[in-house]
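The values are calculated or read from the model by the stated rules, or taken from the named source; none is laboratory data. Quantities reported herein were computed from a predicted structural model and do not represent experimental measurements. Note that we place each Cβ from the backbone using ideal geometry, even for glycine, and neighbour counts take in every protein chain shown.
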Amino acid sequence: MDKLVAIAVIICALSVNPVSAKEFQNHTQMMSHGDGHLMDMDGGMVMGQNTDTLPGGCEKIAATKEITVRAGHKYSEKFPGTMYAFDQQEFHFDPCTKLTVHFINEDEIRHQWMMHGLPKYLYPKGMFHLEVSGPGEVSGTLILPPGDKTYLVHCDIAQHMEKGMKAQLKVGKGSEELPSIPGLTASIFPDDYSGKPYVAEEYSAPLPTPTTLTDTAKSAPVTTQSQTTSVFSGVSIIGLAIGLIIAPLLVNRFKGMSASEIVASIIELTSHGIGVIIGLIMRLIKQLSSKKIIPLSDK
Ligand SMILES: [Cu+2]
């Protein structure tokens, strides 16, 4: 009888299929999809890779740095109330540094190292983004813009940032301290164990500074005259029309850029966009003159 029990136990033990942990994967064989976007079929991804284009306002690459960042549940253990964290919460680099980030995910789930606020003329969507699904490593390179600025770095998977996976990257002196960085800055929603009902306090986020371009566009007098006789008014209308058309585009493009970056970007824009603008002006003149708004010749 004892033998039977022993055999049963052995069979039972052998039939148990232990849940095997996912193997650590080094995502080195990624396919380039253009525009600095690389990915493989196993959950490795890099977005906004830039190894050689200098951001506007950088005369040369100031330094070449390499860092390893780890992401995982275990790094959140020292921060009460969190679930996920990076192993570092703050990074600091000189402007125009060429930075390679080796991102290691130590969890069985998907994590990201996503950096925001980069100039959109150089980094699509204003992001530099590394992603690994399950345990593994991915590496990516970018060139940091000039100027003092603090960039948000986080994991964008739902609730991962709110649960601790948040950091800040300061270029130069940085521009601010971001809230709710575990162990670093005060939380926007601090945990309260008093048992009293929660009363929401308004978080006073700094309001975005109004951009001159939008102000100009908004405050510019909108003419209601449909029939104008002088060439001067016709030109004004063309200028205003172009301003109104391109102002929102420019505002979006220049968002979060330093003065030197804006200048560099304007130069770039001008050289690329001059043909388009000339075409637009020609078309407008043609349209307006066909409607006899602008007298092309004095009669
Ligand atoms: Cu995550």
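Which condition breaks for ALA158 when tested against (1) of a type in the set (Gly, Ala, Ser); (2) without any contact (Cβ under 8 Å) to a residue 40 or more places away in the chain; (3) more than 16 Å from the ligand (Cβ to nearest atom)?
The failed condition is (3).
Residues in segment 150-160: is at least one charged (D, E, K, R), assigned by TED's automatic domain parsing to the domain that holds MET114 and assigned to a loop (DSSP other than H, G, I, E, B)?
yes
VAL222 is checked against (1) within 16 Å of the ligand (Cβ to nearest atom); (2) modelled with pLDDT under 65 and fails just one. What number does that condition carry?
Every listed condition holds for VAL222 apart from (1).
Which residues, counting only those in segment 176-191, are surrounded by 16 or more Cβ atoms within 10 Å (Cβ to Cβ) and small (Gly, Ala, Ser)?
SER180
Sort through LYS74, LYS65 and tell me the only one that's more than 16 Å from the ligand (Cβ to nearest atom) and not in a loop (DSSP other than H, G, I, E, B). Break it down stepwise before answering.
Values: LYS74 fails: more than 16 Å from the ligand (Cβ to nearest atom).
On inspection, the qualifying residue turns out to be LYS65.
Among the candidates LEU130, LEU122, LEU118, which residue alone is within 17 Å of the chain's Cα centre (by Cα) and within 12 Å of the ligand (Cβ to nearest atom)?
Of LEU130, LEU122, LEU118, the one residue that is within 17 Å of the chain's Cα centre (by Cα) and within 12 Å of the ligand (Cβ to nearest atom) is LEU130.
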